[in-house]
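Engineer: Next up is a structure, given as structure tokens.
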Amino acid sequence: MHLKNENEVGLVMKTPSFRVCVNCGSIRVYPYMGFMVGQRYQCQDCDEIMVIPLEFDNNEDYQAFLDDMGFKPNE
Ligand SMILES: [Zn+2]
């Protein structure tokens, strides 16, 4: 008798992802609560307000993204 336990894979908790600004690539993106506009996110570096920031699970993916986009955070 073979039971497939594929669901278990989806239940594994990953490390928290971090949010990245779609405009400048900064990781200093925080929830921004506006009246009647729903939840959004604002970048502390370029003030860009976005509905859905990019999310990465680990620094490797993030660095690869920076390379792809040509972003070069200076800090
Ligand atoms: Zn930004």
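Engineer: Could you list, in sequence order, the residues of the range 33-47 that are of a type outside the set (V, I, T) and out of contact with any Phe, Trp or Tyr (no Cβ under 9 Å at 6 or more places or on another chain)?
Structural biologist: Of everything in the range 33-47, those that are of a type outside the set (V, I, T) and out of contact with any Phe, Trp or Tyr (no Cβ under 9 Å at 6 or more places or on another chain) turn out to be M33, G34, F35, M36, G38, D45, C46, D47.
Engineer: For the subset of the range 17-46 comprising residues that are small (G, A, S) and touching a Lys or Arg at 6+ places or on another chain (Cβ under 9 Å), which member is surrounded by the most Cβ atoms within 10 Å (Cβ to Cβ)?
Structural biologist: Across the range 17-46, the extreme among qualifying residues is G25.
Engineer: While we're on this one: Among the strands (runs of 3 or more DSSP E) contained in the range 17-63, which hold 3 or more residues that are more than 9 Å from the ligand (Cβ to nearest atom)?
Structural biologist: 29-34, 38-43, 54-56
No lab work stands behind these numbers, since they all come straight from the coordinates. No experiment lies behind these values; they were computed from the predicted model shown. With ideal geometry, Cβ positions are generated from the backbone for all residues, glycine too; neighbour counts draw on all protein chains shown.
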